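One structure is given below, encoded as structure tokens.
The values are calculated or read from the model by the stated rules, or taken from the named source; none is laboratory data. This one's a predicted model, so the numbers in the text were calculated from it and none came from an experiment. Because the Cβ atoms are built from the backbone with ideal geometry, glycine has one as well, and the counts that use them run over all protein chains shown.
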Amino acid sequence: MKHLLVVSALLLSCCHGLLYPKDSPTREIKSLDGVWNFRAQPSLDPEQGFREKWFDHPLQSTGDVIDMPVPSSFNDITTDPSLRDFAGWVWYDREFYAPSAWSDSRVFLRFGSAHYTALVWLNGQEVLQHSGGHLPFETDVSGTLQLGAANRLTVALNNTLGPTTIPQGAWNWIKEDDIYPAGSFDMSYTFDFFNYAGIHRPVTLYTVPKSLHVADVKVTTIGVAQDYSSATIQYEVNVATDTDDFQCHVQLLEQDGTVAAEQDGCTGTITLAENPHLWWPYLMNEEYGYLYTFRVDATNSQESDQYNENIGIRSVFWDDNSFKINHQPFYFRGFGRHEDSNFRGKGLDLPLVTKDYNLIRWTGANSYRTSHYPYAEELMDFADRNGIVIIDECPGVNLEGFKPELLANHLTVMDELVARDKNHPSVVMWSIGNEPRSEVPEAKDYFIKVANHTRSIDPSRPVTLVMFRPFDQDQGGYSVDIVSINRYYGWYSQTGQIDLIANAVEQDIRNWRTKFNKPVLVTEYGADTIHGFHEVPSTIFTEEYQTDLMRENFKAFDNTKEDGILIGEMIWNFADFMTVQEYKRVWGNRKGIFTRDRHPKASAHILRDRYWKLAQDEGLPRNLEEAFKPRYLHNQCPAAAQPAVPRLEVIYKDRV
């Protein structure tokens with residue numbers, strides 16, 4: 001039964017550094033998103049599709065199929081309860097045409113992500129395997145693709161998790177008895193969100209020139225002047241070619257298309273010596289989220305390739321006492337989040353993403369953590385443009401049993417994550433996991449290895465690990481630069497005892513600081529709340545209790561922030577989200593300040609008041625909402641009617 005359980009090793013068909021597909025004068029993109037054919041294979045016959053070679057024929061010719069949108073999770077699309085909780089192999093296929101004009105190009109097939117293990121066939125030939133549910137994978141299909149004719153793409157996908165997958169899970173056979181029939185099983189996992197599965201992100205064909213193409217681009221800010229008068233970036237371009245006869249020309253373009261700098265060479269440094277536009281977080285500068293275009297033209301004697309990467313110029317600094325962006329102290333005001341929505345599950349939903357970023361700005365937040373896995377590349381682009389700071393987290397949630405094979409997979413995931421997100425200015429920190437069983441002795445060495453490996457591939461950002469064990473038992477804090485903790489006083493402990501929260505939280509933060517002597521970030525706190533439930537005095541699950549709990553946490557945050565210990569606070573959660581069915585969950589986790597369909601609870605207004613007040617306390621003008629309202633609103637007003645925007649020197653007159 002070799003196909004029953006998920007492939008334990010991460011199978012990759014290509015190198016790291018998968019650039020996001022973009023049109024250019026030398027590249028063309030074809031989306032394969034849409035409605036695909038779909039079938040769930042019987043869990044107790046995991047060999048069936050492979051044995052009957054479903055990949056050799058159209059899926060509908062071998063049995064019944066249903067419609068399945070891509071991208072989306074398959075779990076909530078139908079009315080079939082067995083599909084909602086399905087574990088095992090599912091199959092997708094679709095037909096498409098490839099243009100005859102692509103005969104002079106190489107063609108790549110790319111998946112934004114598929115959860116969890118994917119096997120891919122093109123016209124009956126296996127072309128790609130990948131394991132891991134949240135990162136892209138691709139392969140060159142030039143030799144298999146039929147140009148000017150119909151092609152059939154088939155995907156077998158398995159959502160089973162095991163002891164060495166990232167994240168972990170367990171397949172459990174249930175003994176036959178008076179209740180359970182023979183062959184009963186379940187797939188269990190300890191993380192507190194639903195294990196949605198499917199082709200979650202875009203599927204794309206893209207072309208590159210035949211003889212060479214830009215395979216990877218890395219751009220790092222290596223210096224920002226204290227007075228912001230100059231800045232220096234370092235770049236490295238990886239060109240895929242069979243010969244050494246090639247050269248690179250790079251340009252740094254302003255947002256209006258003018259050339260800020262240019263030079264020859266596939267590696268080098270560029271210094272902007274005259275007041276560069278820095279990338280600033282939201283509400284930290286009137287010009288937040290400024291992006292340059294880093295244009296690469298690679299050429300040889302036959303042809304050329306062009307790729308355009310959006311970059312931001314900004315510095316990140318941390319030590320045992322502080323965290324700074326562009327030399328300014330930065331305090332995280334944010335959220336834990338999930339990729340989760342009605343019907344689509346974890347499928348990419350651009351209208352929802354756009355709505356979420358508008359709500360994030362409305363609250364005055366400046367950051368969030370990609371709990372508990374890498375989010376879609378499209379979300380990272382939104383963060384770059386909107387000046388929202390990201391703590392980028394790998395899928396290592398609730399890890400335990402720290403064996404060598406698990407470590408090898410964990411390191412590979414970090415390689416993939418850093419390779420994908422290294423150029424995003426919004427990403428200021430790597431998170432190597434969430435709530436591991438870090439009280440056991442072997443956790444110390446395990447996470448030191450993961451943290452050191454992450455630093456070796458990107459020394460420009462700090463590393464954190466989100467911990468929840470008691471401070472005096474934890475072994476994970478020795479590995480990190482920033483101590484991140486999840487704390488639920490008044491909810492999972494001291495339930496309903498509002499008067500104990502402030503002192504407990506403050507003492508806990510101080511204990512972590514004393515033990516590890518590093519900055520502390522509270523990455524989760526909160527309470528489940530049913531929208532519309534009210535009670536005086538407050539009781540758990542009411543909106544009043546959630547806001548009371550928040551205010552008590554705020555007291556602890558203010559005291560430890562004032563003492564230079566706390567560098568940020570992130571409420572759990574931005575919005576309600578789905579979990580596995582269990583008696584302690586009322587249709588999922590209800591800790592959101594917004595409902596799952598994005599209606600605000602009372603807590604959203606309380607948090608908004610706090611976050612805007614914190615932004616004001618950092619020395620910004622009082623009329624924040626006018627000064628920093630979304631830029632498209634300014635552009636809709638006549639010039640004379642636009643509100644005055646404070647100038648940079650006013651904002652920083654007390655800080656520079």
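Of the strands (runs of 3 or more DSSP E) contained entirely in the range 159-228, those carrying at least 2 residues that are without any contact (Cβ under 8 Å) to a residue 24 or more places away in the chain and either surrounded by 13 or more Cβ atoms within 10 Å (Cβ to Cβ) or touching a strand residue (DSSP E or B) at 6+ places or on another chain (Cβ under 8 Å) (or both) fall at 170-173.
Total residues in the range 485-505 satisfying the condition of being in a loop (DSSP other than H, G, I, E, B) and either closer than 26 Å to residue 389 by Cβ or touching an Asp or Glu at 6+ places or on another chain (Cβ under 9 Å) (or both): the figure is 4. No other residue among 271, 293 is under 27 Å from the mean Cα position of the chain (by Cα), outside the structural domain of residue 481 (by TED's automatic domain parsing) and on the phi < 0 side of the Ramachandran plot apart from 293. Being surrounded by 15 or more Cβ atoms within 10 Å (Cβ to Cβ) and at pLDDT 95 or above is a description that does not apply to residue 241. Considering each residue of the range 447-461, count those that are buried (at least 17 other Cβ atoms within 10 Å of the Cβ) and either more than 23 Å from the chain's Cα centre (by Cα) or basic (Lys, Arg) (or both), and give that number. Residues that pass the stated criteria total 1.
Residue count for the range 447-486 satisfying the condition of being touching a helix residue (DSSP H, G or I) at 6+ places or on another chain (Cβ under 6 Å) and either charged (D, E, K, R) or over 28 Å from residue 317 (Cβ atoms) (or both): 1.
Counting only strands (runs of 3 or more DSSP E) that sit wholly inside the range 290-355, those with at least 1 residues that are without any contact (Cβ under 8 Å) to a residue 12 or more places away in the chain and aromatic (Phe, Trp, Tyr) are 316-318.
Restricting attention to the range 462-484, the residues that are of a type outside the set (A, V, I, L, M, F, W, C), surrounded by fewer than 21 Cβ atoms within 10 Å (Cβ to Cβ) and assigned to a loop (DSSP other than H, G, I, E, B) add up to 5. Residues in the range 350-379 that are within 17 Å of residue 115 (Cα to Cα) and either over 8 Å from the mean Cα position of the chain (by Cα) or not aromatic (Phe, Trp, Tyr) (or both): 370, 371, 372, 374, 376, 377.
Residue count for the range 417-461, restricted to those that are part of a helix (DSSP H, G or I) and touching a Leu at 6+ places or on another chain (Cβ under 9 Å): 11.
Look at residue 347 and say whether it is surrounded by fewer than 20 Cβ atoms within 10 Å (Cβ to Cβ) and either small (Gly, Ala, Ser) or closer than 22 Å to residue 570 by Cβ (or both). Spelling it out, it is not the case that residue 347 is surrounded by fewer than 20 Cβ atoms within 10 Å (Cβ to Cβ) and either small (Gly, Ala, Ser) or closer than 22 Å to residue 570 by Cβ (or both). Picking from residues in the range 290-314 that are farther than 21 Å from residue 230 by Cβ and β-branched (Val, Ile, Thr), the one that is surrounded by the most Cβ atoms within 10 Å (Cβ to Cβ) is 296. Scanning the range 416-441 for residues that are in contact with a His (Cβ under 6 Å, 6 or more places away or on another chain) and not small (Gly, Ala, Ser) yields a single hit, 434.
Listed by first and then second residue, the pairs with beta-carbon distance under 8 Å, at least 6 apart or on different chains, first residue in the range 94-112 and farther than 19 Å from residue 56 by Cα, second part of a helix (DSSP H, G or I), are 112/377.
Condition (residue is touching a Lys or Arg at 6+ places or on another chain (Cβ under 9 Å) and of a type in the set (Asp, Glu)) applied to the range 197-220: is it met by at least one residue? Scanning the range 197-220, I find no residue that is touching a Lys or Arg at 6+ places or on another chain (Cβ under 9 Å) and of a type in the set (Asp, Glu), so the answer is no. Exactly one residue out of 263, 146, 247 is closer than 26 Å to residue 312 by Cβ and surrounded by fewer than 15 Cβ atoms within 10 Å (Cβ to Cβ): that is 263. Candidates in the range 432-445 are the residues that are more than 20 Å from residue 523 (Cβ to Cβ) and not charged (D, E, K, R); of these, the one that is surrounded by the fewest Cβ atoms within 10 Å (Cβ to Cβ) is 441. Of the residues making up the range 513-535, those that are surrounded by fewer than 18 Cβ atoms within 10 Å (Cβ to Cβ) and part of a loop (DSSP other than H, G, I, E, B) are 517, 530, 531, 532, 533, 534, 535. Within the range 586-614, residues that are farther than 15 Å from residue 532 by Cβ reach partners that are surrounded by fewer than 17 Cβ atoms within 10 Å (Cβ to Cβ) and at pLDDT below 95 with beta carbons closer than 9 Å, at six or more positions or on different chains, in the pairs 612/624; 612/625. Scanning the range 5-19 for residues that are surrounded by fewer than 17 Cβ atoms within 10 Å (Cβ to Cβ) and aliphatic (A, V, I, L, M), we see that the one that is modelled with the lowest pLDDT is 9. Among the residues in the range 412-434, are any more than 29 Å from residue 386 (Cβ to Cβ) and either touching a residue at least 12 places away in the same chain (Cβ under 8 Å) or polar (S, T, N, Q) (or both)? The answer is yes; a qualifying residue exists. Testing residue 399 on (1) of a type in the set (A, V, I, L, M, F, W, C); (2) in contact with a Gly (Cβ under 8 Å, 6 or more places away or on another chain); (3) closer than 24 Å to residue 314 by Cβ; (4) not in a helix (DSSP H, G or I), one condition comes back false. Which one is that? Among (1) of a type in the set (A, V, I, L, M, F, W, C); (2) in contact with a Gly (Cβ under 8 Å, 6 or more places away or on another chain); (3) closer than 24 Å to residue 314 by Cβ; (4) not in a helix (DSSP H, G or I), residue 399 violates only (3). Taken together, 305, 340 contain a single residue that is acidic (Asp, Glu) and out of contact with any His (no Cβ under 9 Å at 6 or more places or on another chain), which is 340.
In the range 20-62, the residue that is nearest to the chain's Cα centre (by Cα) out of those that are farther than 22 Å from residue 205 by Cα, in a loop (DSSP other than H, G, I, E, B) and modelled with pLDDT of 95 or more is 53.
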